[in-house]
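Here is the structure we will look at, set down as structure tokens.
FYI, it's all coordinate maths here, none of it is from the lab. Keep in mind the model is a prediction, meaning the values are calculated, not measured. Methodologically, a virtual Cβ is constructed for each residue, glycine included, from the backbone with ideal geometry; neighbour enumeration extends over all protein chains shown.
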Amino acid sequence: PAGFEIDVANAFGEFIGKEVEIVNTDFSLLIPALETGDVDILIADMAKTEDRAQKVDFSVPYRYSSTLALVNKDFANLHNITNDMLEDEFFAIEDANFVGLSGTKGVYYPQSKGVKVTEVTEIGTGLIEISQGLADILIASNEIHSFHAADAENTTVYEGIKAQDASNFAVRKGDSEMLEKANEFIASMYEDGGLYNQMAEKYDPIIAEFLHNDDLGLDYIVTPAN
């Protein structure tokens, strides 16, 4: 296995002086594997939720994803939507037609703002509707930049939403020793010369390519919003 979380997991093993064995399993089986003792810690881009927090203990955050909007370009021009527009003003645009992927922030975040959302079960359906002007706005995470790059002619990105989603390590409920080590390790990653500084050379170009923005790199996904 390879990737960002794998590099973080291997570094955590070095930090606590333990050999790391990576267990590759379906996301839905991660918490059960932790509960049964098959694994000792989860480093899997997992967000803390009320339901999950009843089953496992979570560390402090170690990475973040933004909340962004893909907007039909004609609709954006008609309503003068720019990144300077306040979030409350954006969600108060009359007659805006929101489309979102079922079970994701694309539905629950606009709904939390009192907005009606048409749900789709495939993200491709929502993207087509935005491109063709059948819908006006789609909310998602960092992948919005890729969606826009795929059809820059008909879409634009609104970046004025302040909400971020944090990802955390997870340990067995009551495992205070592992939780303390996890939090100490995460704090060390943010220090000058820490793991994130060391990983930047590798991951800056990867993230810039994914986001289709050469100005964005590792800091974009590990730094909390002000």
Revision key, fill the gap. Under a Gaussian network model of the chain whose springs join Cα atoms within less than 10 Å, the largest fluctuation of ILE123, ILE207, ILE93 belongs to ILE93
**Study point:** Rounded tilt (10° steps) of 123-132 against the dominant C-alpha axis of the chain
**Key:** 30
Practice item. Using just the helices of the chain, give the 222 nm mean residue ellipticity in deg cm²/dmol: DSSP H runs with n ≥ 4 each add -39,500 (n - 2.57), and the total is spread over all residues, rounded to 500. Key: -11500 deg cm²/dmol
Review point. What spacing in nm lies between the two simple spin-label points modelled at VAL20 and TYR190, each 7 Å away from Cα in the Cβ direction?
Key: 2.0
**Study point:** Pairs of Lys in the chain closer than 15 Å at Cα, counting only those 8 or more apart or on different chains
**Key:** 9
Review point. In percent, how large is the relative contact order of region 1-91, given Cα pairs closer than 8 Å and 6 or more residues apart?
Key: 19
Review point. Nearest 20 debye, what's the magnitude of the dipole of the chain about its Cα centre given +1 on Lys and Arg Cβ and -1 on Asp and Glu Cβ?
Key: 500
Check your understanding: Under a point-charge model restricted to the Cβ atoms of Lys and Arg (+1) and Asp and Glu (-1), what is the dipole moment magnitude of region 117-163 relative to its Cα centre, in debye to the nearest 20?
Key -> 160
Exercise for review: Give the dimensionless ratio obtained when the Cα radius of gyration of region 37-171 is divided by 2.2 N^0.38 Å.
Suggested key: 1.16
Check your understanding: What shape does region 94-226 take by its C-alpha gyration tensor, where a ≥ b ≥ c are the square roots of the eigenvalues and a/c under 1.5 counts as rounded, a/b above b/c as prolate, and the rest as oblate?
Key -> oblate
**Study point:** Alpha-carbon Rg with Dmax, taken over the chain, Å
**Key:** 19.4, 58
Revision key, fill the gap. For the chain, the charge dipole (Cβ of Lys, Arg +1; Cβ of Asp, Glu -1; about the Cα centre) points to a positive end, and the Cα of ILE221, LEU211, GLY106 closest to that extreme belongs to GLY106
